[in-house]
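> Sending over a structure as structure tokens; questions will come in a sec.
The values are calculated or read from the model by the stated rules, or taken from the named source; none is laboratory data. Small disclaimer: the values here were computed from a predicted structure and weren't measured. FYI the Cβ positions are ideal-geometry reconstructions off the backbone, even for glycines, and counts take in every protein chain you see. Side chains are part of the model used for accessible areas, which takes the heavy atoms of the whole protein and leaves out ligands, DNA and RNA. Shrake-Rupley method; radii C 1.70, N 1.55, O 1.52, S 1.80 Å.
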Amino acid sequence: MTATTRLLDLARKRLPPDALELIDRAAAAAASTGTSLYLVGGVVRDLLLGRPCLDIDLVLEGDAVSLAQDIGAGDSTRLLVHQAFGTATMRGEGFSLDLASARSETYARPGALPAVKPGAIEEDLFRRDFTMNAMAIGLTGKGRGKIVDPWGGQSDIENRLIRVLHDRSFVDDATRILRAVRYEQRLGFGLEASTASLLQRDIPMLNTITGDRIRHELDRIFREELPERALRRAGEVRVWSGLHPSLDRMDWIADAFRRAREAITPLPLPLCYALFLSHLDKEQASAVLTRLSAPSEITRVVLDTLAISASMGPLSTAGVKPSQIYLMLRGFSPQAVVASLATAGDWAAVRNLHLYLSKLRYVRPSLRGDDLVRMGAKPGPGLGELLSKLHRAKLDGEVRTKAGEAKLVRLMLSGRGIKRRRKAKRTTT
Ligand code: ATP
């Protein structure tokens with residue numbers, strides 16, 4: 001097999017058949033207008049690494065939106081055109097295929113979004129983050145099956161190295177600092193020596209990046225199979241201090257993520273943020289959340305987690321009643337309870353948090369308000385009080401059955417109930 005057919009053959013073997021059919025249609029349409037189409041970026045990297053790839057990027061040296069509209073999409077594939085960006089996405093069963101026009105980029109100032117204009121494939125590759133992501137495979141004409149690899153991506157992949165394309169890469173776009181660590185840990189690669197020192201030099205450039213963009217890269221880390229690896233590694237090379245001085249090494253993070261995954265998989269993003277910020281105090285965490293322009297759901301789970309930590313004392317007290325555990329935790333997001341469980345050091349607190357998550361939060365009396373009214377309770381605030389006493393009795397196991405609940409309600413209605421609850425407990429039905 002020649003080098004040219006080898007890459008196309010790899011693509012035939014590794015990409016989903018429906019995606020291949022779309023790629024073939026796009027290549028035929030591009031060839032008929034004499035424009036060049038390429039597979040680019042992560043898909044080329046993953047094909048060379050023998051890793052599965054379901055996010056496929058195509059680049060056309062021409063108008064990508066017109067091409068996408070020409071080929072349309074098949075029965076099970078949806079076509080989404082992003083006119084403003086000049087790109088189109090086709091989503092099929094388990095894969096997504098992006099089609100963009102080749103473009104060149106220039107950065108007016110560090111961290112700014114780049115100015116974009118149409119360009120050739122080499123220019124499109126030059127705007128990319130690392131050599132391993134800056135390769136393309138031709139799909140049309142004379143370039144069909146040939147690899148475009150101007151910066152030695154293949155050799156860096158063979159040597160398992162992450163290398164930037166030029167010395168200003170992290171200055172132009174400091175989100176690449178987080179991307180470098182994420183790829184390094186996902187692929188088991190190393191940072192090439194001069195890339196490692198540029199990364200160290202440019203950590204302060206994270207200041208030039210908006211909160212939203214940093215948060216999107218953090219989200220990508222959290223969506224990795226084992227996010228703790230990149231989080232710990234970034235702490236080791238002091239990346240987090242570029243985000244906020246209170247964030248530092250994360251030697252404890254692997255344990256926290258492992259314990260959280262035992263409770264929920266996949267981990268929801270707000271919970272990941274709660275683990276990430278769990279060692280900060282409220283003021284520090286609020287500063288990081290503001291820096292990241294965090295949406296309210298993330299802010300709530302992070303701050304709830306810190307509030308639960310602040311009440312860890314009562315939660316780990318011997319003999320704390322189930323109803324007290326319930327009352328302490330019911331106002332907090334369940335994700336925050338999981339984050340607290342995953343980071344708690346005290347085994348009694350862990351046991352109580354687990355009891356809340358697995359059982360107490362679901363306990364409800366069988367009798368409802370209208371049942372109590374039928375039994376003679378007056379609608380109004382007193383009814384709510386009766387219901388919550390009944391709920392507490394159920395949580396504490398003082399009543400277990402519907403008949404037991406009815407008995408307690410009758411006692412309470414006769415005015416003797418609460419005083420006589422101990423008796424009710426002794427005679428649990
Ligand atoms: P994965 O999805 O596996 O994380 P990917 O390569 O598909 O990897 P995306 O974040 O979807 O990653 O980006 C697609 C491509 O766009 C990358 O391969 C890379 O070439 C380029 N890219 C993305 N972000 C940047 C950036 N900040 N600077 C330069 N190039 C980037």
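> Go through the stretch 34-49 residue by residue and tally those that are within 14 Å of the ligand (Cβ to nearest atom) and open to solvent by 40 Å² or more (accessible area, probe 1.4 Å).
The qualifying residues number 2.
> Tell me, which residue of the stretch 241-292 that is outside any helix (DSSP H, G or I) and acidic (D, E) is surrounded by the fewest Cβ atoms within 10 Å (Cβ to Cβ)? Steps first, please.
Going through the stretch 241-292, the residues outside any helix (DSSP H, G or I) turn out to be 243-252, 264-268, 277-281, 292.
From the residues that got through so far, the ones that are acidic (D, E) too are 248, 251, 281.
Numbers: D248: 12, D251: 10, D281: 12.
This residue is D251.
> Hey, can you tell me all the residues within the stretch 76-113 that are part of a loop (DSSP other than H, G, I, E, B), under 24 Å from the mean Cα position of the chain (by Cα) and under 22 Å from L15 (Cα atoms)?
E93, G94
> Which of the residues belonging to the stretch 360-391 are under 19 Å from Q324 (Cβ atoms) and not in a helix (DSSP H, G or I)?
Scanning the stretch 360-391 gives V363, R364, P365.
> Continuing with the same structure: If I ask for residues that are within 25 Å of N159 (Cα to Cα) and assigned to a strand (DSSP E or B), which ones from the stretch 37-74 would you list? Break it down stepwise before answering.
Residues of the stretch 37-74 that are within 25 Å of N159 (Cα to Cα), as a first pass: 38-57.
If the condition is that a residue be within 25 Å of N159 (Cα to Cα) and assigned to a strand (DSSP E or B), then Y38, L39, V40, D55, I56, D57 are the ones that fit.
> Looking only at the stretch 185-197, count how many residues are of a type outside the set (A, V, I, L, M, F, W, C), open to solvent by 10 Å² or more (accessible area, probe 1.4 Å) and assigned to a helix (DSSP H, G or I). Full working, then the answer.
Step one: list which residues in the stretch 185-197 are of a type outside the set (A, V, I, L, M, F, W, C), which gives 185-186, 188, 190, 192, 194-195, 197.
When the remaining residues are screened for being open to solvent by 10 Å² or more (accessible area, probe 1.4 Å), the result is 185-186, 188, 190, 192, 194, 197.
Narrowing the set further to residues that are assigned to a helix (DSSP H, G or I) leaves 185-186, 194, 197.
Count: 4.
> Hey, among the residues in the stretch 7-16 that are of a type in the set (D, E, K, R) and within 32 Å of the chain's Cα centre (by Cα), which one's nearest to the ligand (Cβ to nearest atom)? Before you say what the answer is, go through the steps one by one.
So in the stretch 7-16, the residues of a type in the set (D, E, K, R) come out as 9, 12-14.
Filter once more, keeping what is within 32 Å of the chain's Cα centre (by Cα): 12-14.
Working: R12: 20, K13: 19, R14: 14 Å.
Taking the candidates together, the pick is R14.
> Here's something else I'd like to know. Taking the stretch 175-197, which residues are away from the ligand (no atom under 14 Å from the Cβ) and either in contact (Cβ under 8 Å) with a residue 60 or more places away in the chain or hydrophobic (A, V, I, L, M, F, W, C) (or both)?
L191, A193, A196
> Is it the case that some residue within the stretch 219-233 is among the hydrophobic types (A, V, I, L, M, F, W, C), farther than 14 Å from R186 by Cα and touching a Leu at 6+ places or on another chain (Cβ under 9 Å)?
If we filter the stretch 219-233 for residues that are among the hydrophobic types (A, V, I, L, M, F, W, C), which is where we start, we get 221-222, 226, 230-231.
Checking the rest, the ones that are also farther than 14 Å from R186 by Cα come to none.
Checked the stretch 219-233: no residue is among the hydrophobic types (A, V, I, L, M, F, W, C), farther than 14 Å from R186 by Cα and touching a Leu at 6+ places or on another chain (Cβ under 9 Å).
> Here's a follow-up. I'd like the full set of residues that are of a type in the set (A, V, I, L, M, F, W, C), surrounded by fewer than 16 Cβ atoms within 10 Å (Cβ to Cβ) and either under 15 Å from L54 (Cα atoms) or at pLDDT below 85 (or both), limited to the stretch 70-115.
A84, F85, A108, A112, L113, A115
> Which one of A31, A19, A26 is within 15 Å of the ligand (Cβ to nearest atom) and assigned to a helix (DSSP H, G or I)? It would help to see each step written out before you state the result.
Values: A31 fails: within 15 Å of the ligand (Cβ to nearest atom); A26 fails: within 15 Å of the ligand (Cβ to nearest atom).
Unique residue meeting the criteria: A19.
> How many residues does the stretch 125-171 hold that are open to solvent by less than 40 Å² (accessible area, probe 1.4 Å), modelled with pLDDT of 95 or more and part of a helix (DSSP H, G or I)?
Qualifying residue count, the stretch 125-171: 10.
> Only one residue in L353, L395 is among the hydrophobic types (A, V, I, L, M, F, W, C), open to solvent by less than 30 Å² (accessible area, probe 1.4 Å) and not assigned by TED's automatic domain parsing to the domain that holds L411, so which one is that? Walk me through how you get there before you give the answer.
Working: L395 fails: not assigned by TED's automatic domain parsing to the domain that holds L411.
After applying the criteria, what remains is L353.
> On to the next question. Kindly establish whether G319 is in the same structural domain as T265 (by TED's automatic domain parsing) and either open to solvent by 60 Å² or more (accessible area, probe 1.4 Å) or of a type in the set (V, I, T) (or both).
Details: in the same structural domain as T265 (by TED's automatic domain parsing): yes; either open to solvent by 60 Å² or more (accessible area, probe 1.4 Å) or of a type in the set (V, I, T) (or both): yes.
Yes, satisfied.
> I'd like to know if the stretch 233-249 contains one or more residues that are within 16 Å of T343 (Cα to Cα), among the hydrophobic types (A, V, I, L, M, F, W, C) and out of contact with any His (no Cβ under 9 Å at 6 or more places or on another chain).
Looking through the stretch 233-249, none of the residues is within 16 Å of T343 (Cα to Cα), among the hydrophobic types (A, V, I, L, M, F, W, C) and out of contact with any His (no Cβ under 9 Å at 6 or more places or on another chain).
> What's the total number of residues in the stretch 55-65 that are more than 9 Å from the ligand (Cβ to nearest atom) and open to solvent by 50 Å² or more (accessible area, probe 1.4 Å)?
2
> Also: Condition first: within 11 Å of Y38 (Cα to Cα) and within 12 Å of the ligand (Cβ to nearest atom). Now tell me which residues in the stretch 130-151 satisfy that.
Within the stretch 130-151, M135, A136 meet the criteria.
> Ok, one more. Which residue, of R127, R223, is near the ligand (Cβ under 9 Å from one of its atoms), among the charged types (D, E, K, R) and farther than 27 Å from Y273 by Cβ? If you could, list the steps in order and put the result at the bottom.
Details: R223 fails: farther than 27 Å from Y273 by Cβ.
Of R127, R223, the one residue that is near the ligand (Cβ under 9 Å from one of its atoms), among the charged types (D, E, K, R) and farther than 27 Å from Y273 by Cβ is R127.
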